[in-house]
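These notes concern the structure reproduced below.
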Amino acid sequence: MRSFDHDPIAVGKPNWLPLEMLLAPSECEDYMYMGRAGDIELYKHRWTRRYLNISSDGRCFYRLANGTYIEISRDEAIRHVSS
C-alpha cells in the first residue's frame, strides 16, 4: 500500500482526464472537480458527496482523517464513492 502525506489542496483549471480514464462518460457527469492535492485530482460525487481521488496515471486513493492519502484499488474507490 502506498501513501502520500497531505498536500495542500490547490484549485485551478479542472483536469478531467483521470476521471475520464476511470469511468464511462455518462458516469463522469455525476462528479464535480474539487482541485488537486499534489499529484492527486479530487472529484466529488454530486449525490453521495464522497470523493474519488485519482492520480494522473489512474491510481485511486482514499484520504484518511489526518489528511494522508493511501492507495486503494479501483473497485474499492468506486464502492466508497457509491455508498
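Coordinate-derived values only; no laboratory data. These numbers come from a predicted model, not from an experiment. With ideal geometry, Cβ positions are generated from the backbone for all residues, glycine too; neighbour counts draw on all protein chains shown.
Taking Cα pairs under 8 Å and at least six residues apart, what relative contact order does the chain come out at, in percent?
RCO, the chain: 29 percent.
Top mean-square fluctuation among Ser55, Ser73, Ser26, Gaussian network model of the chain, C-alpha springs under 10 Å?
Ser26
Hand me the trypsin sites (Lys or Arg not before Pro) from the chain located in a DSSP loop with no more than 12 other Cβ atoms within 10 Å, in residue order please.
Here the trypsin sites (Lys or Arg not before Pro) that fit, given the DSSP loop and packing criteria, are Arg2, Arg46, Arg49.
Computed over the Cα atoms of the chain, what is the ratio Rg over Rh, Rh following Kirkwood?
0.92
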